[in-house]
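The values are calculated or read from the model by the stated rules, or taken from the named source; none is laboratory data. The shown structure was predicted, so the numbers you read here are calculated from the model rather than taken from an experiment. Glycine also receives a Cβ, built like all others from the backbone with ideal geometry; neighbour counts cover every protein chain displayed. The area values use the complete protein model at the heavy-atom level, side chains included, leaving out ligands, DNA and RNA. Shrake-Rupley method; radii C 1.70, N 1.55, O 1.52, S 1.80 Å.
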Amino acid sequence: MLLLSVPAFAADPSDLESKLRITVGGVDKMLTLEEAMDALNIPSVSLALIDQDRVAFARAYGAGATPETLYQAASLSKFVAAVGAMRLVDEKRLDLDEDVNARLTSWKVPTNGFDKGHKVTVRGLLSMTAGIGVPGFLGYAVGAPVPNLTQILYGAPPANSPPVTVIAQPGSTYHYSGGSYEIAEALMEDAMKAPFPDLMDKLVLKPASMRHSSFAQPLPRDREVEAVTGHDAEGQELPGGWHVFPEHAAAGLWSTPTDLADLLLLIGRAWRGESRLFLLPETVREMLTPQNGGPYGLGAAIGDAGGSLVLMKRGQNVGYQAYLILLPGEGQGMVVMTNSDNGSILAEALIRRAAELHGWPLLGALED
């Protein structure tokens, strides 16, 4: 394990390594972090704690893992993609409430009875209230044929997912939808006439100093040494090490907890009105407001903890699970990334332990 050299804070990483409440085999247990990793067959975990509006510490546990090690961010990709889309809204390149078919050129949202008189919008896509199907994606084995974005949207070979279509009246209800984010990806590419990974480098990763992160799929061969391989619930390594996710906006980010924590810090400062450089405060406040009666803002779930606003997002790809949380008013939060199908159990335990140790408002259910 490796501890980053950062200024002294009240936060102590060793406190997180004990008294984790974990449910294993239906039984609640109080375990150390090492015991929990062993019980859950988790090879490695990496985390970054936000306290006093700083990355208080970043630490990695498990053979070969450091705070700079890359993990698949899975659905945390959606939050980062939403930030990119909202930067384009700030620049007047996209409109939150315009019919997306007005700007889509490579593909169009197929019309049917559900969307008659109810347009699909960026607001709906990012909040998962656009009535779009396809909850998630399985990815592709290393070396297997990989579809392009148009094939993913049409559900055409070699895509292994169904067509992305409207399955409910847009704006009427919340449906968790990776398909929504693939439409958003196509919209951003069409509007800016650039590949999505390049756009995200320019819009988010570089401005937010996320220097280890990449939406490249597959991961470039010369960067594979920076990444940990994924594992199933029994602790077995995935064949080929990981799956390839050409569904960039929904699931394609490789990142580190520190990179994601740095992005969360920018979001928190804008929400508090302390900065206008990355996103306008009013834009971030819109992002952190539940939309159309659902649990989501624009890019993540939004909740309440004792009167404090909470932003939450879970990530689950085959072989990798992760979680991020931010209390923007308090300048507190955490990002946890694992290379295991059991990682969400450990991530939630670590977040609740951090909340207990550092005086966060009482957390209720941790949302998607």
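Got at least one residue in the stretch 225-245 being more than 30 Å from G25 (Cα to Cα), touching a helix residue (DSSP H, G or I) at 6+ places or on another chain (Cβ under 9 Å) and in contact (Cβ under 8 Å) with a residue 60 or more places away in the chain? Yes, the conditions are met somewhere in the stretch 225-245. Being in contact with a helix residue (DSSP H, G or I) (Cβ under 9 Å, 6 or more places away or on another chain), open to solvent by 40 Å² or more (accessible area, probe 1.4 Å), on the phi < 0 side of the Ramachandran plot and acidic (D, E) is a description that does not apply to E185.
Identification of strands (runs of 3 or more DSSP E) wholly contained in the stretch 254-342 with 3 or more residues that are open to solvent by 10 Å² or more (accessible area, probe 1.4 Å) yields 301-305, 308-317. Please verify whether the stretch 153-172 includes one or more residues that are among the hydroxyl-bearing types (S, T, Y) and more than 28 Å from E367 (Cβ to Cβ). The answer is yes, given that some residue of the stretch 153-172 is among the hydroxyl-bearing types (S, T, Y) and more than 28 Å from E367 (Cβ to Cβ).
The single condition from (1) among the charged types (D, E, K, R); (2) part of a helix (DSSP H, G or I); (3) open to solvent by 50 Å² or more (accessible area, probe 1.4 Å) that R353 fails is (3). The criterion of at least 3 residues that are of a type in the set (A, V, I, L, M) and out of contact with any strand residue (DSSP E or B) (no Cβ under 8 Å at 6 or more places or on another chain) is met by the following helices (runs of 4 or more DSSP H) wholly inside the stretch 144-203: 149-154, 178-192. Among the candidates L138, L149, L153, the residue that is farther than 30 Å from L265 by Cα, open to solvent by 10 Å² or more (accessible area, probe 1.4 Å) and touching a helix residue (DSSP H, G or I) at 6+ places or on another chain (Cβ under 7 Å) is uniquely L149.
So that you can scan it fast, the table gives a plain yes or no per residue for (1) more than 25 Å from K119 (Cα to Cα); (2) modelled with pLDDT of 95 or more; (3) within 21 Å of the chain's Cα centre (by Cα); (4) not acidic (D, E):
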position: G133; (1), (2), (3), (4): no, yes, yes, yes
position: G139; (1), (2), (3), (4): yes, yes, yes, yes
position: V142; (1), (2), (3), (4): yes, yes, no, yes
position: P145; (1), (2), (3), (4): yes, yes, no, yes
position: L153; (1), (2), (3), (4): no, yes, yes, yes
position: P157; (1), (2), (3), (4): yes, yes, no, yes
position: S161; (1), (2), (3), (4): no, yes, yes, yes
position: T165; (1), (2), (3), (4): no, yes, no, yes
position: S172; (1), (2), (3), (4): no, no, no, yes
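Here's a check for you: in the stretch 209-224, which residue that is free of Cβ contacts under 8 Å to residues at least 40 places away in the same chain and either of a type in the set (S, T, N, Q) or not in a loop (DSSP other than H, G, I, E, B) (or both) is most open to solvent (accessible area, probe 1.4 Å)? Per the criteria, the residue is R221.
Go through V336, V310 for me and flag whichever is aliphatic (A, V, I, L, M) and over 20 Å from V24 (Cβ atoms). Only one candidate passes the filter, namely V310.
Taking the criterion of being without any contact (Cβ under 8 Å) to a residue 24 or more places away in the chain and either of a type outside the set (A, V, I, L, M, F, W, C) or at positive phi (or both), the residues of the stretch 313-366 that qualify are E356, G359.
The requirement of being of a type in the set (A, V, I, L, M, F, W, C) and touching a residue at least 60 places away in the same chain (Cβ under 8 Å) is fulfilled nowhere in the stretch 160-172; no residue meets it.
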